[in-house]
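**Q** Structure provided below as structure tokens; questions to follow.
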Amino acid sequence: MHTTSPSPDSPRIRILGIETSCDETAAAVVEDGHFPLSNVVASQIAVHAQYGGVFPEVASRQHIRTIYAVVNEALEQAHLSLEEIDAIAVTRGPGLPGSLVVGLNMAKGLALASHKPLIGINHLEGHIYSAWLASQEPGDHHPPQFPLLALLVSGGHTELILMTDHLVYQRLGATLDDAAGEAFDKVGRLLGLAYPGGPAIQEAARNGDETAFHFPRARLEGTWDFSFSGLKTAVLRTVQDLQKSGRGMPLADLAASFQAAVVDTLVSKTLHAARTFRVREILVAGGVSANLALRRAFQEQREFPVHFPPPSLCTDNAAMIAAAGYFHYLAGHQDGLDIDVLPTWPLLTTETLSAPSASK
Ligand code: KG4
Ligand code: ZN
């Protein structure tokens, strides 16, 4: 599919995005797929921190309480009424069923009341399109170019995806066990750090020596897959040995060495795939793409231009859902008011993605 950007004179397209797949209740308005006019995220992190992770039923009930206010706030900050919105894009999956239902029903109600198109979006696709969002002035914006390789690294997913055009996805590989973000969260917990582990490990690693411990890098030669469970177990063993020896816990060194192992694994396989598939650019998205060591490692190589989302748009938000919604809108995609959530929806090419049979 080929989409072109509208000319400067064409009317601007404004998409309202809604995201409730996990523990953020989010709504945003994005103009022409690139420029966020508003981006409201009500985080539940404080609510879930006491459980050390996301508690599904608590999450969905928290979404119910906040969704109406969050959507209103997104429209208000954009200085737009619902009538001035062109379409409503909402995360349909993958995610927690009870959480997805809250956002989808809100979006259906808005679509019904305003007679605007409803567009169901895959959350992973949303993360990818976060790299199209501008953080700066419109003139500074350079959208990613095809063919590109997307490394998607979030709390639930770690995938390498080849894109030859908008909305066309070919999954090359994925994690066989823990996602990269999940590994950060689990290692954070065993190091006694706060939830979520990713930002906490990044902070703890700041003054650490990344060569202090040599943790394994699972290469999985001959595939484009990843594995992080062996690394997590190696950190656990090292922590247990240190505890037994009574030598104290060098937290900064452990965090830095673990982080370096994750970064190394992700960067080396992504570069290898980028060379093999002769892509023009690399795109890195998902919560872990906020990681400074990962950004630095990709920026230090000179072989491929690398796109990252603006830092504030790496973790879950609705601007990314609206950005993906814009490209679906341009392609004429629209869903019926009878669509269900798809909690385990894989990211597939457009044809399968928009087919009603794309069930869980
Ligand atoms: O994309 P996201 O917000 O939610 C999912 O779709 O899963 O990703 C959340 C994940 C968590 O595992 C969190 O620990 C990780 O992203 N994360 C980070 C950083 N910020 C968030 N991991 C490493 N470094 C960070 N700075
Ligand atoms: Zn996410």
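The values are calculated or read from the model by the stated rules, or taken from the named source; none is laboratory data. Values in this document were obtained by computation on a predicted structure and should not be read as measured data. Note that we place each Cβ from the backbone using ideal geometry, even for glycine, and neighbour counts take in every protein chain shown.
**Q** Residue under question is residue 18, and the condition is that it be among the aliphatic types (A, V, I, L, M) and in contact (Cβ under 8 Å) with a residue 60 or more places away in the chain; does it hold?
**A** yes
**Q** I need the full set of residues from segment 162-202 which are free of Cβ contacts under 8 Å to residues at least 24 places away in the same chain and either crowded, with 21+ Cβ neighbours inside 10 Å or within 16 Å of ligand 2 (Cβ to nearest atom) (or both), in order please.
**A** Of everything in segment 162-202, those that are free of Cβ contacts under 8 Å to residues at least 24 places away in the same chain and either crowded, with 21+ Cβ neighbours inside 10 Å or within 16 Å of ligand 2 (Cβ to nearest atom) (or both) turn out to be 188, 197.
**Q** One residue is enough: does segment 102-123 have a residue meeting the conditions in a helix (DSSP H, G or I), within 16 Å of ligand 1 (Cβ to nearest atom) and on the phi < 0 side of the Ramachandran plot?
**A** Yes, segment 102-123 has at least one match.
**Q** Separate question: Taking the criterion of being within 16 Å of residue 290 (Cβ to Cβ), small (Gly, Ala, Ser) and buried (at least 17 other Cβ atoms within 10 Å of the Cβ), would at least one residue in segment 204-218 satisfy it?
**A** Within segment 204-218 (the criterion being within 16 Å of residue 290 (Cβ to Cβ), small (Gly, Ala, Ser) and buried (at least 17 other Cβ atoms within 10 Å of the Cβ)), the answer is yes, since at least one residue qualifies.
**Q** Does residue 112 satisfy being touching a residue at least 60 places away in the same chain (Cβ under 8 Å), more than 16 Å from ligand 2 (Cβ to nearest atom) and within 24 Å of residue 327 (Cβ to Cβ)?
**A** The answer is yes for residue 112.
**Q** In segment 222-248, what residues are at negative phi and over 26 Å from the mean Cα position of the chain (by Cα)?
**A** Hits for segment 222-248 are 234, 236, 237, 238, 239, 240, 241, 242, 243, 244, 245, 247.
**Q** Another question, if that's okay. So residue 57 clears everything in (1) closer than 21 Å to residue 155 by Cα; (2) without any contact (Cβ under 8 Å) to a residue 40 or more places away in the chain; (3) away from ligand 1 (no atom under 16 Å from the Cβ); (4) of a type outside the set (A, V, I, L, M, F, W, C) except one condition, right? Which one?
**A** All conditions pass for residue 57, except number (2).
Table: residues versus (1) at pLDDT 95 or above; (2) within 16 Å of ligand 2 (Cβ to nearest atom).
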site	(1), (2)
63	yes, yes
91	yes, yes
108	yes, no
124	yes, yes
129	yes, yes
156	no, yes
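**Q** Quick one: how many residues across segment 175-215 are touching a strand residue (DSSP E or B) at 6+ places or on another chain (Cβ under 7 Å) and assigned to a helix (DSSP H, G or I)?
**A** Total satisfying the criteria: 2.
**Q** Considering segment 93-124 alone, what residues qualify as being out of contact with any His (no Cβ under 8 Å at 6 or more places or on another chain) and under 25 Å from residue 48 (Cβ atoms)?
**A** 96, 97, 98, 100, 101, 104, 105, 106, 107, 122, 123
**Q** With respect to the numbered conditions (1) in contact (Cβ under 8 Å) with a residue 12 or more places away in the chain; (2) part of a loop (DSSP other than H, G, I, E, B); (3) farther than 21 Å from residue 132 by Cα, which one is the sole condition not fulfilled by residue 304?
**A** (3)
**Q** Look at segment 21-62 and say how many of its residues are outside any strand (DSSP E or B), of a type outside the set (Ser, Thr, Tyr) and within 17 Å of the chain's Cα centre (by Cα).
**A** 7
**Q** Additional query: Please state which one of 262, 288, 267 is in contact (Cβ under 8 Å) with a residue 24 or more places away in the chain, in contact with a Leu (Cβ under 9 Å, 6 or more places away or on another chain), in a helix (DSSP H, G or I) and within 16 Å of ligand 2 (Cβ to nearest atom).
**A** 288
**Q** Please verify whether residue 150 is modelled with pLDDT of 95 or more and in a strand (DSSP E or B), treating the condition exactly as stated.
**A** So residue 150 fits the description; yes.
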